[in-house]
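J.: What follows is a structure written as structure tokens; I'll ask about it next.
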């Protein structure tokens with residue numbers, strides 16, 4: 001198929017300035033015409049109509065997303081959606097949120113402890129490496145001292161042998177001058 005009049009998701013997203021996540025969500029909900037071919041989704045090359053705002057009421061949104069409803073959708077007053085819910089204590093949802101927050105706090109503390117343990121382990125390994133390097137430096141200093149003393153000994157031996165060589169050279173020079 002030549003896919004004339006159809007665009008892959010990336011091109012459609014760029015051309016019509018719609019996020020990929022929005023496009024995928026609309027494909028899942030069958031809100032747009034699409035084709036799936038050779039592992040790719042193709043969308044019809046025309047702008048989508050903006051979806052009408054959902055007819056969900058605030059109470060439906062609050063039931064689906066209690067934390068989001070508290071922060072952005074629902075008024076902060078104690079609003080009760082129906083008479084059946086009037087007998088339900090409002091504190092129940094705040095208790096659920098508190099339990100959720102405690103779980104998040106516990107998870108965060110666990111992660112923090114893991115990070116601390118990993119940091120301590122890395123520090124311990126670095127200290128061991130530093131100790132090993134210090135020992136190697138001591139060994140190298142010892143080798144340098146040995147090499148310097150050997151170098152001094154060889155230089156001394158060369159100086160001691162030099163006067164004889166110099167005497168011979170002087171005698172040879174004197175004999176050649178005559």
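J.: With labels modelled as points extended 7 Å from the Cα through the Cβ direction, what inter-label distance (nm, one decimal) is found for residue 112 paired with residue 158?
T.: 6.8 nm
J.: Alpha carbon centre of the range 133-147 versus the range 1-32: separation in Å?
T.: Taking the Cα centre of each part, the range 133-147 and the range 1-32 sit 68 Å apart.
J.: Please list, by residue number, everything in the range 117-137 whose backbone N is under 12 Å from a paramagnetic label point 7 Å out along Cα→Cβ of residue 147.
T.: Hits in the range 117-137 for residue 147 at 12 Å: none.
J.: What spacing in nm lies between the two simple spin-label points modelled at residue 126 and residue 4, each 7 Å away from Cα in the Cβ direction?
T.: 6.6 nm
J.: For residue 30 and residue 133, compute 0.36 nm times the residue count separating them, minus their Cα-Cα distance, and round to one decimal in nm.
T.: Working: separation 103, 0.36 × 103 = 37.08 nm, distance 6.50 nm.
So the extension gain works out to 30.6 nm.
Where a number appears in this text, it was derived from the coordinates with a stated rule and is not lab data. Bear in mind the structure is a predicted one, so any value in this text is a computation, not a measurement. With ideal geometry, Cβ positions are generated from the backbone for all residues, glycine too; neighbour counts draw on all protein chains shown.
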